[in-house]
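The structure appears below as structure tokens.
The values are calculated or read from the model by the stated rules, or taken from the named source; none is laboratory data. A quick note: this is a predicted structure, and the numbers were derived from the prediction, not measured. All Cβ positions, glycine included, derive from the backbone under ideal geometry; neighbour counts span all protein chains shown.
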Amino acid sequence: MTRAPSAWGSDDAAANILHVDMDAFYASVELARRPHLRGRPVIVGGDGRSVVLAATYEARAFGVHSALPMAHALRMCPQAIVLPPDLAEYRRVSGEVMETLRAVTSLVEQLSVDEAFLDVRGARRRLGPPSSIGAAIRERVSAEHGITCSVGIASTKFVAKLASVHAKPDGMLLIPADATVPFLRTLPVGALWGVGEKTAQALARYGITQVAELADSDVRLVQTAVGKVAGARLHDLAWGRDPRAVEPTRAEKSIGTETTFEHDQTDPRVVQDTLLRLADKCATRLRAQGLLARTVSLKVRTADFATLTRSHTLVAPTDAARELFLVAREMLGRAPLGGRAVRLVGIRAEGLTLRAETPVQLTLEDAVAEHGDHREAEVTIDLVRERFGRSAIQLGAGPSTASRAASRPGVDASTTASALVELS
């Protein structure tokens, strides 16, 4: 990304939104535990078949970056020190950092394991202006957790996030409200949320490659290029219009997801494959919030719009997609569908408890080991998705579903949980 000028003014009167982003988080956590490695190229990842999860800036100088295959990374930087990821430690440090942020304000919206938005307007009287708050956060994160973070300060979430990118590493950038549009006009369209390679190419066909060109274009032209809804949204962003508020994470009583098939489905294997993906989404949300589910509920709507619901209470609560899926699949198999086609299927996790406050119920040793293996694989998947996007990895139910799923757009079910253990 083209970098904007580093200073845009000091008026933070209307800049109440902070975006706090840890610098090379996984690698930084490792360096905090191994200070003798500071200043050396360090890569966090698995063996040669996995991908780079994080790299220090010393390793990045050689072209190493997240999502790069490990074998390629080591060819580019053979002197790099490779450390295996420590999932539990990253989660622990992340939780502590978020508590540091919540000591500033209750309006904290955690985006991922290493970044969050804060709305600090209510903290001004107690802690001072946003620039002072941002500086204090950086100092506390460094002193208390041994890692660095970058802070973007602006009047909107979108611009605050951009500002933190331009502040990296270990910096802070304020974009005053009246500097928002001038700042955005220095950037390529790829800096806008939602503009990937295909969208950028579509805009380029109309001569739009810079945010300034997009802002100066008639919104109808932009909509012609990328669609009515996306075009209007991008045009708003180009002018710095982003009305979204910081939304603190709230405790949920249940977590669920469902999908309606494009065509009523009669193949039970397709329904099961879909159920697996829904269980995966549900479990990911559970783990992200540190929750366990004691009850699994299944919802099925048939082609005649009849709705069937079933629920099952587990012996021990879980946050593993595999366990949610197996229970839901069993309930699906017992559902009295009578040969009717399925229009909708959904899964919901209920009876939620905090994982940290839920005692582990011992079962047979083999069962415990099996649960641990699958959960560890799924936590590894969480880390990969947080870095590279949810589409980077899709769960598969096993070889029997792999070939069917691979033939459907957007589904890579051939990547199984057991195979993904290698990523850790």
Assuming GLY194 fulfils every condition listed in (1) touching a residue at least 60 places away in the same chain (Cβ under 8 Å); (2) outside any helix (DSSP H, G or I) apart from one, which condition is it?
(1)
So, in segment 302-319, exactly how many residues are of a type in the set (A, V, I, L, M, F, W, C) and exposed (fewer than 15 other Cβ atoms within 10 Å of the Cβ)?
3
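Looking at TRP239, is it touching a residue at least 40 places away in the same chain (Cβ under 8 Å) and closer than 29 Å to ARG60 by Cβ?
Details: touching a residue at least 40 places away in the same chain (Cβ under 8 Å): yes; closer than 29 Å to ARG60 by Cβ: no.
Taking the combined requirement at face value, the residue does not satisfy it.
Scan ALA116, ALA103, ALA80 and give me the residue that is surrounded by 20 or more Cβ atoms within 10 Å (Cβ to Cβ) and without any contact (Cβ under 8 Å) to a residue 40 or more places away in the chain.
On the way: ALA116 fails: without any contact (Cβ under 8 Å) to a residue 40 or more places away in the chain; ALA103 fails: surrounded by 20 or more Cβ atoms within 10 Å (Cβ to Cβ).
Selected residue: ALA80, the only one of ALA116, ALA103, ALA80 that is surrounded by 20 or more Cβ atoms within 10 Å (Cβ to Cβ) and without any contact (Cβ under 8 Å) to a residue 40 or more places away in the chain.
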Take segment 48-91 and flag every residue that is acidic (Asp, Glu) and more than 21 Å from the chain's Cα centre (by Cα).
GLU58
Restricting attention to segment 139-191, which residues are touching a residue at least 60 places away in the same chain (Cβ under 8 Å), surrounded by fewer than 21 Cβ atoms within 10 Å (Cβ to Cβ), within 14 Å of MET22 (Cα to Cα) and among the hydroxyl-bearing types (Ser, Thr, Tyr)?
THR148
Picking from SER94, SER28, SER66, the residue that is touching a strand residue (DSSP E or B) at 6+ places or on another chain (Cβ under 7 Å), hydroxyl-bearing (Ser, Thr, Tyr), part of a helix (DSSP H, G or I) and in the same structural domain as ALA123 (by TED's automatic domain parsing) would be SER28
Restricting attention to segment 268-279, does a residue exist that is surrounded by 13 or more Cβ atoms within 10 Å (Cβ to Cβ) and part of a strand (DSSP E or B)?
no
Determine whether GLU89 is out of contact with any strand residue (DSSP E or B) (no Cβ under 7 Å at 6 or more places or on another chain), without any contact (Cβ under 8 Å) to a residue 12 or more places away in the chain and in a helix (DSSP H, G or I).
no
Flagged in segment 314-341 as within 16 Å of GLU258 (Cβ to Cβ) and in contact with an Asp or Glu (Cβ under 7 Å, 6 or more places away or on another chain), in numbering order, are ALA321
Here the residues within segment 320-341 that are more than 25 Å from ASP264 (Cβ to Cβ) and part of a loop (DSSP other than H, G, I, E, B) are ALA320
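Being among the β-branched types (Val, Ile, Thr) and part of a strand (DSSP E or B) is the filter; apply it to segment 146-176 and report the residue that is nearest to PHE25 (Cα to Cα).
Step one: of segment 146-176, the residues among the β-branched types (Val, Ile, Thr) are 147-148, 151, 153, 156, 159, 165, 175.
Then keep just the ones that are part of a strand (DSSP E or B); that gives 151, 153.
Values: VAL151: 14, ILE153: 20 Å.
Within segment 146-176, the match that is nearest to PHE25 (Cα to Cα) is VAL151.
Looking for something of a type in the set (A, V, I, L, M, F, W, C), touching a strand residue (DSSP E or B) at 6+ places or on another chain (Cβ under 9 Å), outside the structural domain of ARG91 (by TED's automatic domain parsing) and not in a helix (DSSP H, G or I) - is there at least one such residue anywhere in segment 232-245?
So the first thing to find is which residues in segment 232-245 are of a type in the set (A, V, I, L, M, F, W, C), and the list is 232, 234, 237-239, 245.
Still in the list and also touching a strand residue (DSSP E or B) at 6+ places or on another chain (Cβ under 9 Å): 245.
Then keep just the ones that are outside the structural domain of ARG91 (by TED's automatic domain parsing); that gives 245.
Next cut, not in a helix (DSSP H, G or I) only: 245.
Within segment 232-245 (the criterion being of a type in the set (A, V, I, L, M, F, W, C), touching a strand residue (DSSP E or B) at 6+ places or on another chain (Cβ under 9 Å), outside the structural domain of ARG91 (by TED's automatic domain parsing) and not in a helix (DSSP H, G or I)), the answer is yes, since at least one residue qualifies.
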Just a yes or no: is a residue in segment 37-47 buried (at least 19 other Cβ atoms within 10 Å of the Cβ), over 21 Å from the mean Cα position of the chain (by Cα) and over 30 Å from VAL120 (Cα atoms)?
yes
